[in-house]
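Down below is the structure, laid out as structure tokens.
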Amino acid sequence: KSLKKNPKIIIVGAGLSGLSAAVRLIENGYDDILILEAENRIGGRIHSVKFSDGFVDLGGQWVHGEKNNSVYEMVDGKYDFGETGFDNYYPTFMQSDGATLDQEMCQKLGDSAFKILFSSYDEMSKFQGSVDEFFKSAFKKEALRAKADYSLTNEMIDFYEKEMNIWNGSMTWKDLSAPLHCISGHNAGIQHLTWKRDGFKKFIDFLIQDNQEVLDKIMLNKKVVNIQWTKNYENKLPIVTTADGYKYFADHIIFTGSLGVLKDQHRTLFSPQLPITLRRAIENMGYGVIGKVFLEFDQSFWPINEKNWVAYGFLWTKEDMKELKGTKREWLLDVQAFAKVDAFPNVLEALLAGRHMKEFETIPDEQIIDDTMWLLEKFLQKQLPRPNSMTRTKWLTNPNYMGSYSFNSVNAWKFNISTKDLQETLFNLKKKPEILFAGEHTDELYSSNAHGAVNSGYRAADELLKYYL
Ligand SMILES: Cc1cc2nc3c(=O)[nH]c(=O)nc-3n(C[C@H](O)[C@H](O)[C@H](O)COP(=O)(O)OP(=O)(O)OC[C@H]3O[C@@H](n4cnc5c(N)ncnc54)[C@H](O)[C@@H]3O)c2cc1C
């Protein structure tokens, strides 16, 4: 066959997967690349913003594990990671009435919760339902055995639902598939390594350090609105149209927009329509959102000097929930914890996920400060200083993301769909790979993670390299 020596490749998106694909192609001599990025910056869901005396991460924050983790391995020995300490310690559990909670009992229940969620894979993998159903029935038995109070048991269940929603980006753990939860990849080693005051953006420096030319190939503020692929033709080229009306031709296109973008826009983004197999996978794989609020104070009022202190964990009573339902502060019900931030002694970070994320993202900054301070004062039972500054996330309402990351849903299990189905390459009649898909949601083992995104970019680039070899 007569193949072009240096085909034209368009990569849609300059997040980790797009940049990784570009680097891999350039390293192999394929440098006729154009990267079209909708935002006015690179990095995508890696978004480190200036805050306090460094950078905090609105997107990917921690390196989860060391073994077989492409992010960790790329910088191993070249970067001195920090550590949040979440792996080995429990938060200080708090209740809104200031009652002194039996921390030992809470931790005992916490141990049971972790065992059920992360060490019962034998039973869980055979369970056909959701993580919610599996967890509740097992946890209630454990709580009974531990002679835990009925209301504490329910408050802990609510706490671990939030934990799982934050891990998975789900709105409710009723959507999380129990058997698929058991097959997600795990990278051994420390689970919460940090980039200290540098932010995750530091990783991008490592990723492109030997191929800086990749930066010259990026066009910012170039939102792709349509990709016309040539399904039934042999000798036509696909055409990419951007929102400003420009058209670009290419031999191959690597599309890295999020699963949220695909769910929302695939019907208008691709003409002709994507194959039914791919559409089914897009529609049924899970994708949701988490939120973060960073607050900076003059000085810490949390026990930052206690070696093992990691966070305040909120146990919401029924009365608390009733009090907030129907009010403008209802979104606070999604807040699980306020955690310390490694390398920032004066910064607290709230983590949240659940049913109120749209409200959270659409209320003004001033209200976010008022509400989070109201919440902290309620649980800590004291007056607190106002923060000097605040920054928060808005991933769901940004049309270039529509959420934070993908998860293995109950529907994916029901319809036998895996992340692999989201990798389906579109070929033209000559069997030329025309549109390839990358992005965290397409990685078989580490979807939802930064290293999953990197792996997916390499995989898509390798598929093209293989074609040319
Ligand atoms: C809040 C949050 C917390 C996270 N925490 C962690 C963590 O602690 N550890 C971890 O490992 N991972 C974490 N992740 C996940 C990790 O950040 C992502 O998996 C990874 O960054 C995704 O990279 P990607 O290239 O797949 O997608 P993206 O980063 O979304 O890149 C895709 C790019 O395509 C662009 N785009 C979209 N549509 C178009 C279009 N039509 N035209 C042109 N461009 C388009 C987007 O703007 C974006 O830049 C977190 C993510 C979020 C949001």
Counted residues, the stretch 119-130 - those being in contact with a helix residue (DSSP H, G or I) (Cβ under 9 Å, 6 or more places away or on another chain) and not in a loop (DSSP other than H, G, I, E, B): 4
Would you mind stating whether Ser112 is surrounded by fewer than 18 Cβ atoms within 10 Å (Cβ to Cβ) and polar (S, T, N, Q)? no
Counting only residues that are in contact with a Lys or Arg (Cβ under 6 Å, 6 or more places away or on another chain) and part of a strand (DSSP E or B), how many does the stretch 204-263 have? 3
Inside the stretch 18-36, can you point out the residues that are in contact with a Lys or Arg (Cβ under 9 Å, 6 or more places away or on another chain) and within 7 Å of the ligand (Cβ to nearest atom)? Leu36
Where the second residue is at pLDDT 95 or above and in a strand (DSSP E or B) and the first is at positive phi and lies in the stretch 339-357, which pairs have Cβ atoms under 8 Å and are six or more apart or on separate chains? Ala343/Gly54; Ala343/Gly82; Ala343/Thr194
Considering (1) more than 19 Å from the chain's Cα centre (by Cα); (2) within 16 Å of the ligand (Cβ to nearest atom), say which one Glu39 fails and leave the rest. (1)
Of the residues Glu133, Glu104, Glu142, Glu73, only one is modelled with pLDDT under 95 and outside any strand (DSSP E or B); which? Glu104
The residue from Ile290, Ile282, Ile276 that alone is touching a His at 6+ places or on another chain (Cβ under 9 Å) and at pLDDT 95 or above is Ile282
Can you work out which of the residues in the stretch 408-454 that are in a loop (DSSP other than H, G, I, E, B) and aliphatic (A, V, I, L, M) is farthest from the ligand (Cβ to nearest atom)? Leu429
Quick check: is even one residue across the stretch 352-373 surrounded by 22 or more Cβ atoms within 10 Å (Cβ to Cβ) and in a strand (DSSP E or B)? yes
Sole miss for Asn284 among (1) out of contact with any Gly (no Cβ under 8 Å at 6 or more places or on another chain); (2) polar (S, T, N, Q); (3) within 30 Å of Asn88 (Cβ to Cβ) is condition (3)
Here is a check on your reading of the model: is Ile239 touching a Phe, Trp or Tyr at 6+ places or on another chain (Cβ under 9 Å) and either over 30 Å from Asp53 (Cβ atoms) or assigned by TED's automatic domain parsing to the domain that holds Gly15 (or both)? yes
Only residues that are over 16 Å from Thr419 (Cα atoms), in a helix (DSSP H, G or I) and either touching a Ser or Thr at 6+ places or on another chain (Cβ under 8 Å) or not β-branched (Val, Ile, Thr) (or both): list them for the stretch 264-286, please. Asp264, Gln265, His266, Arg267, Leu269
If Glu66 satisfies every condition in (1) crowded, with 23+ Cβ neighbours inside 10 Å; (2) in a loop (DSSP other than H, G, I, E, B); (3) not basic (Lys, Arg) but one, which is the exception? (1)
Out of all the residues in the stretch 266-274, is one or more among the basic types (Lys, Arg) and touching a residue at least 60 places away in the same chain (Cβ under 8 Å)? no
Hits in the stretch 26-42 (condition: under 21 Å from Ser258 (Cα atoms) and either hydrophobic (A, V, I, L, M, F, W, C) or buried (at least 22 other Cβ atoms within 10 Å of the Cβ) (or both)): Ile33, Leu34, Ile35, Leu36, Glu37, Ala38, Ile42
Looking at Asp132, Asp97, which is the one that is of a type in the set (Asp, Glu) and over 24 Å from the mean Cα position of the chain (by Cα)? Asp97
So, Thr397, is that one within 16 Å of the ligand (Cβ to nearest atom), β-branched (Val, Ile, Thr) and in contact (Cβ under 8 Å) with a residue 40 or more places away in the chain or not? no
Can you name the condition, by its number, that Gly189 falls short on among (1) assigned to a loop (DSSP other than H, G, I, E, B); (2) crowded, with 16+ Cβ neighbours inside 10 Å; (3) in contact with a Gly (Cβ under 6 Å, 6 or more places away or on another chain)? (2)
Among the residues of the stretch 248-256, is any surrounded by fewer than 18 Cβ atoms within 10 Å (Cβ to Cβ) and within 14 Å of the ligand (Cβ to nearest atom)? no
Considering only the stretch 49-76, how many residues are touching a strand residue (DSSP E or B) at 6+ places or on another chain (Cβ under 7 Å), hydroxyl-bearing (Ser, Thr, Tyr) and within 11 Å of the ligand (Cβ to nearest atom)? 1
Hey, could you check the stretch 1-17 for residues that are crowded, with 17+ Cβ neighbours inside 10 Å and not in a strand (DSSP E or B) and say which is farthest from the ligand (Cβ to nearest atom)? Pro7
Identify, from the list Ser151, Ser52, the residue that is within 28 Å of Trp374 (Cβ to Cβ), over 20 Å from the mean Cα position of the chain (by Cα) and modelled with pLDDT of 95 or more. Ser52
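Yes/no matrix, rows are residues, columns are (1) within 16 Å of the ligand (Cβ to nearest atom); (2) under 30 Å from Asn428 (Cβ atoms); (3) in the same structural domain as Lys420 (by TED's automatic domain parsing):
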| position | (1), (2), (3) |
| --- | --- |
| Lys263 | yes, yes, yes |
| Arg279 | no, yes, yes |
| Asp298 | no, no, no |
| Ile304 | no, no, no |
| Trp309 | no, no, no |
| Lys318 | no, no, no |
| Met321 | no, no, no |
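The values are calculated or read from the model by the stated rules, or taken from the named source; none is laboratory data. Values in this document were obtained by computation on a predicted structure and should not be read as measured data. Note that each Cβ is placed from the backbone with ideal geometry, even for glycine, and that neighbours are counted across all protein chains shown.
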